[in-house]
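Visitor: Quick one: this structure, given as C-alpha cells, is what I'll be asking you about.
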Amino acid sequence: MNKQTAKSLFQPDILADPYDFYEEQRAKSPVFLDEASGAYVVLDYDLISEAVGRLDDFSNNFNAQLSGGKSAADLDNDEELQAILSTGYPQVDTLLTADQPTHTRFRKLVNLAFSMPKVNKLEDSIREMSNRLIDGFIDKGECEFMEEYAVPMPVQIIAGQLGLDHADAGTVKRWTNAFVDRLSGMMTRERQLETAREVVEFQHVLKANMDDRRKEAKSDILSDLVNARVDGERPLDDAESLSIVQQLMVAGNETTTAALGEGVRLFASNPDQYKKIQDDPSLIPNAVEEVLRMSSGSSGIWRVMHRDAELGGVTLPKGAMVMMRYHAANRDPKHFENPNEFRVDRKNARTHLAFGKGIHMCVGNMLSRKEMTVSFQQFAERMDNIRIQEGATLTYPPNMMLRGLTSLPIQFDKR
Ligand code: HEM
C-alpha cells in the first residue's frame, strides 16, 4: 500500500485555506494527533467548550513548551542576546500563560481596567478616531484598508491607554511586531537581536510611564494597573505590570486589526448583508458577532496536558500540546446552520468562541467589540457599495495562532 504523508493543519497552504481540512478531519475524528507537528488538535465546538473548562487536565502554561527544545537552549547560551535582555526586566507568566491561582490574582485586576463602564467612556474617542481615519481616504473613493484603518485604529487606542500619545502609535506597532515575531519561532539571529532590543526599549519606556502614573494618576489603563493591589494588598511589581501591559498590547492589536479587516472583506463580498446593516443599523452589534464568528482572528490557542486525560474518545498524554481550534469550532455545522454563510442577523452568532471561553476568555472582548461596532456604524453611514479592488490577491500569512489579512485594497462610493 502506498503510504501518503498525512496532511497537517500547520502546513502553509492549509493554514491559508483550512475549511475542507476542517470538514474532512471532523468527519474522521474531531480530536486528532497532527503527526507533522506532534501536537493534538480539537476542532469540535462542544469538545473545545468542555476542554477549556477542565482546568485540572488542560493547562495554559504553554510558554515553556512553545519556546522549549534546542533553539531555546541555544538562545539561553547566546551571550550577545542574553546581554541585551539582561538590561531589561524578566518575563513572568501573568494572564494567558498562567494557571490558577496565579491567573485569578492578575485577572481580577485587569477585569476592572476593561470593565464595560471603562470601555463605554472610550466610545467618543473611538468614534472621533474612526472619523479621522475615514476622513483620510473618503474623497479618494478607495484605500488600502489594512494600512489606512485596520492597523492604526486599535494601535492608537492601545497607545492612548498605555500613556503614549497618538504620535507614538508607530512605535507601539513596532513593539507589537517584535513580540509577535518572537512568538513565531521563525526569526533569523539578526532579528532575534533586534527584537530583544525592542523588548527592552518597550520595557524602559513603559516603566517610565508607570512611574509618572504613580506620581499622578490619569484616566487610563496604566494608572489603573499601577494603583491596583494584588489580593487587595501589595502593588504589582515592575515585571508583573510589564507582562500584563505587553499582553494587552500584543493581544489587543493584531486580533482587532484582523477582525476589522475581515468585517470589511465580508461586507464587500456580501453586498446584500452590508445593505441590511445600512438599512437597519440596530443590526450592527449582531453583525459584529457574526464577523467575529466567521473570522476568529485568534484562530487557535494552545493548552498543555497536566496529566493523561481523555477527550472525545482520544487519550491525550501528560505533557502533550493541544490546540483548541476556535476558528474551526465557529464553523461547526452542529452548532451553526450553514456555517460558511455570512448572515448579519444570525440568531446564535453571539455564541461563537472567537474570544475563547472560561477563565481565560478574552479580557479585551468588550473593547474590541466597541471598536468594531463604532467602526461599522461609521462605515455604514459614510461609505456605500464597498468592493474589493479588481485583481487584488488577499493573503493570510501562515501563523499557527493568528489569522488576518496583510492587505485589503477596497473601493467605495462616498455617501
Ligand atoms: C477581535 C479581537 C480579539 C480576539 C479575537 C481575541 C481573542 C482572544 C482569545 C481567543 C483569548 C482566549 C485565550 C485562551 O483560550 O487561552 C483571548 C485572551 C486574551 N485577550 Fe483577546 N482577543 C481580542 C482582542 C483583545 C483586546 C482588544 C485585548 C486587550 C486590550 C485582548 C487581550 C487579551 C488578554 C490579555 C487575554 C488573556 C486573558 C487570560 O488569559 O485571562 N484581546 N483573546
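Visitor: Go through the residues of the stretch 255-265 one by one and say whether even a single one is surrounded by fewer than 22 Cβ atoms within 10 Å (Cβ to Cβ) and among the aliphatic types (A, V, I, L, M).
Guide: No, that holds for no residue.
Visitor: Condition first: within 15 Å of the ligand (Cβ to nearest atom), at pLDDT 80 or above and more than 20 Å from L96 (Cα to Cα). Now tell me which residues in the stretch 156-171 satisfy that.
Guide: Within the stretch 156-171, Q156, I157, A159, G160 qualify.
Visitor: Name every residue in the stretch 27-60 that is of a type in the set (D, E), crowded, with 18+ Cβ neighbours inside 10 Å and over 11 Å from M305 (Cα atoms), in order of residue number.
Guide: Selection gives D34, D44.
Residue-by-condition table, conditions (1) in contact (Cβ under 8 Å) with a residue 24 or more places away in the chain; (2) within 20 Å of the chain's Cα centre (by Cα):
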{"position": "A113", "(1), (2)": "yes, yes"}
{"position": "R127", "(1), (2)": "yes, no"}
{"position": "G136", "(1), (2)": "no, no"}
{"position": "G141", "(1), (2)": "yes, no"}
{"position": "F145", "(1), (2)": "yes, yes"}
{"position": "V172", "(1), (2)": "yes, yes"}
{"position": "W175", "(1), (2)": "yes, yes"}
{"position": "R214", "(1), (2)": "no, no"}
{"position": "I221", "(1), (2)": "yes, yes"}
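Visitor: Against the condition part of a loop (DSSP other than H, G, I, E, B), within 14 Å of the ligand (Cβ to nearest atom) and without any contact (Cβ under 8 Å) to a residue 60 or more places away in the chain, how does A98 come out, does it pass?
Guide: yes
Visitor: For the stretch 314-415, please list each of the strands (runs of 3 or more DSSP E) lying entirely inside it that holds at least 1 residues being within 15 Å of the ligand (Cβ to nearest atom) and surrounded by 14 or more Cβ atoms within 10 Å (Cβ to Cβ). Spell out the reasoning first.
Guide: On the way: elements: 314-316, 321-324, 383-388, 409-414.
Passing ranges, in order: 321-324.
Visitor: Related question: With respect to the numbered conditions (1) more than 9 Å from the ligand (Cβ to nearest atom); (2) touching a Ser or Thr at 6+ places or on another chain (Cβ under 8 Å); (3) part of a loop (DSSP other than H, G, I, E, B), which one is the sole condition not fulfilled by P285?
Guide: Evaluating P285 over (1) more than 9 Å from the ligand (Cβ to nearest atom); (2) touching a Ser or Thr at 6+ places or on another chain (Cβ under 8 Å); (3) part of a loop (DSSP other than H, G, I, E, B) leaves (3) as the failure.
The values are calculated or read from the model by the stated rules, or taken from the named source; none is laboratory data. Because the structure is a prediction, the values reported are computed rather than measured. Quick reminder, even Gly has a Cβ in these numbers, built from the backbone with ideal geometry, and neighbours come from all protein chains shown.
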